[in-house]
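Undergrad: One structure coming up, written as structure tokens, with questions to follow.
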Ligand SMILES: [Mg+2]
Ligand SMILES: [Zn+2]
């Protein structure tokens, strides 16, 4: 009987080289990111925001995102925009608001790396991308090569926290926008507990940067 030799395995010379090899092939993602809700977290919640002139950034938002930029942590905005699906806003209006947001952040020395939005109405066929469903986060993770377990989700609604929990991200509730109401709701219901509650996006980012530094 012939003995079949075991296959030859080439061990890469170092673990960091092996990790790099796996990262390049998409087997191992180690890249964190911060998913940030838009309305009520970045800008003042105004219901359906369809005029660029109505966009007002919340205090400290420019500084918060600039800190993430300086640390090399991707910033991914994830936002439900059902006004599109409901026919209350057209694509050009949405893009004009997005341009205004981009310019307002650039004026403050900050930027975001990507913006994903769900255009669907909850009254239509169910989609995978309307938060609390995780489609926006999952798509971003594929596109940008993110490790979801190293990501953070910051938002003012229960749906932001639920999407984050589903994806194994750490979640932070901000008390801006609907945040105060959400806080009272989850305290009563005792579910979807965030990992941290911050008074604003800036407070959330300070916690994230501390947390990444020590984990
Ligand atoms: Mg919101
Ligand atoms: Zn959708």
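What follows is calculated from the coordinates using simple rules that are stated; it is not laboratory data. Keep in mind the model is a prediction, meaning the values are calculated, not measured. We place every Cβ from the backbone using ideal geometry, glycine too, and count neighbours over all the protein chains shown.
Undergrad: Return the percentage of antiparallel bridges among DSSP beta bridges fully within the chain, rounded to the nearest 5 %.
TA: Details: 1 of 21 bridges.
Expressed as a percentage, antiparallel bridges in the chain total about 5.
Undergrad: Largest first, please: the extent of the C-alpha atoms of the stretch 47-106 along each principal axis, to the nearest Å.
TA: 39, 20, 18
Undergrad: Next up: Quick check: the angle from helix 179-189's long axis to the longest principal axis of the chain, C-alpha only, nearest 10 degrees?
TA: Between the helix axis and the principal axis of the chain, the angle is about 70 degrees.
Undergrad: Where the eigenvalues come from the Cα gyration tensor of the chain, what are the semi-axes √(5λ) of the equivalent ellipsoid, largest first, in whole Å? The partial results should precede the final answer.
TA: Numbers: eigenvalues 250, 79, 69 Å².
Each semi-axis is √(5λ); the values are 35, 20, 19 Å.
Undergrad: So what is the 222 nm mean residue ellipticity for the chain from helices alone, if each DSSP H run of at least 4 adds -39500 (n - 2.57) and you divide by all residues, rounding to the nearest 500 deg cm²/dmol?
TA: Details: 8 runs with 85 residues, N = 215.
So the helix-based figure for the chain works out to -12000 deg cm²/dmol.
Undergrad: Using a basic spin-label model with each label point 7 Å from the Cα along Cα→Cβ, how many nm lie between residue 21 and residue 184?
TA: Those two pseudo-labels are separated by 5.8 nm.
Undergrad: Which of rounded, prolate, oblate describes the stretch 53-165, given a ≥ b ≥ c as roots of the alpha-carbon gyration tensor eigenvalues and a/c under 1.5 marking rounded, otherwise prolate only if a/b is larger than b/c?
TA: Working: a/c = 1.94, a/b = 1.15, b/c = 1.69.
Oblate.
Undergrad: Sticking with this structure for a sec: On C-alpha positions alone, give me the angle between the axis of helix 91-107 and the longest principal axis of the chain, in degrees, nearest 10.
TA: The helix 91-107 is inclined about 80 degrees to the chain.
Undergrad: Shape call for the stretch 118-195 from the C-alpha gyration tensor, a ≥ b ≥ c root eigenvalues: rounded (a/c under 1.5), prolate (a/b greater than b/c) or oblate? Kindly include the intermediate steps, with their values, before the conclusion.
TA: Details: a/c = 2.15, a/b = 1.25, b/c = 1.72.
Oblate shape, in that a/c is at least 1.5 and b/c is the bigger or equal ratio.
Undergrad: Just how far, in whole angstrom, is the stretch 127-164 from the stretch 25-78 if you go by their alpha carbon centroids?
TA: Comparing the Cα centres of the stretch 25-78 and the stretch 127-164, I get a distance of 13 Å.
Undergrad: Using a Gaussian network for the chain with springs between C-alpha atoms less than 10 Å apart, which of these wobbles most: 202, 65, 15?
TA: 15
Undergrad: Then there's this: For the chain, with a Gaussian network of springs between Cα atoms less than 10 Å apart, report the residue from 37, 191, 199 with the top mean-square fluctuation.
TA: Looking only at 37, 191, 199, the largest GNM fluctuation is found for 191.
Undergrad: To the nearest 10 degrees, how steeply does helix 61-70 sit against the main Cα axis of the chain, on a 0 to 90 scale?
TA: The angle comes out near 20 degrees.
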